[in-house]
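We did not get these values from a lab; they are worked out from the coordinates using the rules stated. No experiment lies behind these values; they were computed from the predicted model shown. So basically every Cβ, Gly included, is an ideal-geometry build from the backbone, and we count neighbours across all protein chains shown.
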C-alpha cells in the first residue's frame with residue numbers, strides 16, 4: 001500500500017556518490033514544511049577506472065536499469081516522486097525514461113511529478129576533453145559526457161517527444177515537467193549544455209560543484225528544490241502558510257520575493273494550489289493557446305491602470321502556477337485573481353472548474 005508521502009530520488013554524477021546530497025538532506029530534514037517528504041539517494045558505481053580486474057564500470061544503460069529497479073523496489077510505497085539529479089545523473093534519468101518508454105512502461109511513471117536536473121551535460125562537457133580521452137579510455141560513462149554524443153542526442157529526442165511534450169498517459173508517453181538549471185559560473189558544463197533543448201531552463205548561482213552545496217536554508221538551490229518539491233504535492237494542497245512560500249516569486253519570475261508580504265490575515269486570498277487544481281479541470285486548459293487567451297483577457301480587464309504579464313510555461317500545471325503567482329504579486333492581488341477567474345468564466349462559463357474558482361474567490365465573480 002502506498003502512503004501519501006513524496007519521495008525525492010537523488011541521483012549523483014560522475015566520480016561522485018550519495019554524499020553529494022548530504023547538505024540538502026540535512027536542511028530538508030530540519031524543514032517543517034518538508035516533513036511529508038523523504039529524500040532517497042540512489043547510488044551507482046562511477047569513477048575513472050576500477051582497480052579490481054573482476055569488476056567493470058557500468059554503462060549508463062546499466063545504471064538506468066538499476067535506477068528502474070530502485071524505483072520499483074525502494075520507492076514503491078510513495079504516492080508521488082520527484083527525481084533530482086546532478087551532472088551525469090541527469091543523463092542517467094533521461095536514459096531511464098527512454099528505456100521505460102521503449103518497454104511500453106511509460107504509464108508507470110505517472111507518479112513522477114517533476115524532474116529537476118542541475119548542471120547536466122546535455123550537450124557534453126568540453127573541459128579537459130583531450131586529456132580525458134587519453135587517460136580515461138574505455139570508460140563507458142565518460143564517453144557519454146563528450147560533446148555531440150549520438151546516443152545522448154537520441155535519448156533526448158525520446159524524452160522531449162514522449163515526456164516533456166506529451167499530452168496524455170499511454171504505454172509510450174507520460175507528461176512530466178522538467179526544470180533544468182545551469183551553474184552560473186560552471187566551467188565544466190557550460191550553460192548552453194546544461195540548458196540543452198529543454199524549454200523550462202534557468203541558472204542558479206555556483207559552479208559545477210557548489211550548485212549542490214546547499215549550506216543554508218537561504219541557498220538558492222535549496223530554495224528552488226524546496227519550491228519544486230512542494231509544487232509536486234499539488235494534489236494535496238499544503239497549508240496557507242506553505243502556499244504563501246511556494247507561491248513566492250519576484251516580478252521577473254525568479255521566485256525570490258516572499259509573497260508573505262501580502263498577509264493572508266490582512267488581505268485574505270484563496271489557496272494557490274486549490275486554484276491550480278480547479279483550473280486544471282477546465283476543458284482545453286492543457287492547450288497553450290487557450291491559456292494565452294486567458295492571459296490576454298486578463299490584460300484587457302486590468303489595463304490601463306495595472307496591466308498583467310506572465311511568462312509562458314510549456315507544461316499546463318507550471319503555467320497555471322506561474323499565472324497565479326503573478327496574480328499574488330500583482331499590485332492588486334484580488335483584482336488580478338478576479339481577472340483570471342473572469343477570463344476563464346468568459347471562455348468556459350459552464351465548467352465545474354469555473355464554478356469552483358468562483359467559490360474559492362468567495363463569489364466575487
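Once both labels are modelled 7 Å past Cα along the beta-carbon direction, what's the residue 154-residue 4 spacing in nm?
Reported label-point gap for residue 154 and residue 4 is 4.5 nm.
Expected output is a single nm value to one decimal: the length gained when fully extending between residue 290 and residue 108, i.e. 0.36 nm times separation in residues minus the C-alpha distance. What is it?
Computed gain between residue 290 and residue 108 is 62.6 nm.
Obtain the nm distance between the two label points defined at residue 168 and residue 311 by a simple spin-label model: each point lies 7 Å from its Cα along the Cα-to-C-beta direction.
That separation, rounded to one decimal, is 3.1 nm.
Report the label-to-label distance for residue 207 and residue 35 in nanometres (one decimal), using points 7 Å from each Cα along the Cα→Cβ vector.
4.0
Based on the mean of other Cβ atoms within 10 Å per residue, sort peptides 320-329, 70-79 so the most packed one is first. Mind dumping the intermediate values first?
On the way: 320-329: 22.9, 70-79: 15.0.
Final packing ranking: 320-329, 70-79.
Ranked from highest to lowest mean number of other Cβ atoms within 10 Å per residue, what is the order of the peptides 83-92, 275-284, 23-32? Don't jump to the answer; show the numbers that get you there.
Working: 83-92: 27.1, 275-284: 19.3, 23-32: 15.5.
Peptide ranking by packing, descending: 83-92, 275-284, 23-32.
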